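The values are calculated or read from the model by the stated rules, or taken from the named source; none is laboratory data. Small disclaimer: the values here were computed from a predicted structure and weren't measured. All Cβ positions, glycine included, derive from the backbone under ideal geometry; neighbour counts span all protein chains shown. Only protein heavy atoms, including side chains, enter the accessible area calculation; ligands, DNA and RNA are left aside. Shrake-Rupley method; radii C 1.70, N 1.55, O 1.52, S 1.80 Å.
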Amino acid sequence: MKKRTSFPRVFWVANGIEVLERFSYYGIYMGFGIYMEYLGYTKGQLGIVQSLFLLFSYTVPIFSGTFADRFGFKKVLIISYLAYLPTILLLMVTDSFSGIALTMLGIGLAAGIFKPLISGTIRVTTDKTNKTLGFGIFYAMVNVGASFGPVVAGNLRAISWNYAFLAAAIGIGLMLLITILFYKEPEREFEGATLKKKFSEMREALSDIKFLVFLLLLGIMFWLPLWAFFNLVAVYVDSNLDTIRLYMAVENIFGAGFASILSAPDESGSRRLLGETIAHTGYIVMIFQIFISRIFEKFKAIPSFNFGLFIAAIGMLIIGYAFIGAPEFVFLGIFFFAIGEMISSPRIQEYIMWLAPKEKAGLYMGTNFLATGLGGVLSGVIYTTLYGTFNEAGNPHHVWYVLSGNLIIGIVAIYIFTKTAGEFKELEN
């Protein structure tokens, strides 16, 4: 067996940058619904901003990845920070709807510029002997940053929202310094990609009607409810559940020290769990992903994907039940959703590999972001707005039942698709 190649210094620098970026990004994103409610805006207005924010986050990488290939990762990383930093700071001085919307668009633009750059660095600094481990470390760093960001921001916003935004800005400032001082442009071959070529490749892939239908199904039946979960769960917990009881539940199991990290005192001095501190599934993924992957790598991709959707649907039902039953059920619901996400997400690429002609697998894989973006742009305007309607009627939990139904319909739709799109091919894992 060939000895595994050691990782170069820039690999570790890039992973450190990724932790800080996810810390800042999710520190703002997970609590944003709570912030908009604090300012008195409607869920419909929140949904518009969320949709535009996710649209920019997942379409801009088409362009930024191409520019990075041509001009270098380091230069484009610095450009992303220069877009990130002032827009985060602007959140501290604007509270008008138009100002907040434009500011969040700026943050989405910056995040979109940044998104392909660190994964690109990992790709070019690893080889066949260490690529699996390298990307495993990278995804772990993503979840570390995404888990700690909302916890820190949540505790700071309990004092002042400006402190939460300032913490995110400090994270970006540290990224800028680390990049300037320690990030060395990795050696790689220029692939000659241009925007014209990228759009031409996208057109070629999307001309395959079967694949186009698959992307639409994936966007509406998987990414739409997934993004709706992240858009809503923090504000739902914070606004609709008894957060004093949730704090006491955590305290009884893990002790007051740990519970205090996830909570803050209210005006009366009672400690309340902060919605955003438990809303992200990153901490669950870090603990269980390898175990879940080991189990489901033995099974076919498409049945596993649909089973994951089913588990996630159960999780959403339980989250909804927490409103009319015991609020502690929300922990179980989030756990089930995370397990479903862990089962389904890794199998998406196998879906694409199944559908794509062998000689065009890479071409088809490159269009997966379209499904992600479609789900994101629809999630706010549909489900955040629907949550607002249900909330005004006194039934905020109903949105989780609708989301669960979305996933169940997705299971049926994808099952029918796989039976009609062609003979199922057994995938070699």
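So here's what we get for this one:
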| item | result |
| --- | --- |
| Selected residue (criterion: nearest to the chain's Cα centre (by Cα)) from residues of region 1-36 that are among the hydroxyl-bearing types (S, T, Y) and open to solvent by 20 Å² or more (accessible area, probe 1.4 Å) | Y26 |
| Entirely in region 254-351, the helices (runs of 4 or more DSSP H) that have 3 or more residues that are over 23 Å from A234 (Cβ atoms) and out of contact with any strand residue (DSSP E or B) (no Cβ under 6 Å at 6 or more places or on another chain) | 282-296, 301-324 |
| For A68: the one exception among (1) closer than 20 Å to V377 by Cα; (2) among the small types (G, A, S); (3) touching a Leu at 6+ places or on another chain (Cβ under 7 Å) | (1) |
| Any helices (runs of 4 or more DSSP H) falling wholly within region 153-253 and containing at least 1 residues that are more than 30 Å from A413 (Cβ to Cβ) and in contact with a Gly (Cβ under 7 Å, 6 or more places away or on another chain) | 161-182, 224-240 |
| Elements of type helices (runs of 4 or more DSSP H) contained in region 1-108, each with 2 or more residues being among the polar types (S, T, N, Q) | 9-29, 43-59, 61-71, 73-90 |
| Region 44-84: number of residues that are open to solvent by less than 50 Å² (accessible area, probe 1.4 Å) and touching a residue at least 40 places away in the same chain (Cβ under 8 Å) | 26 |
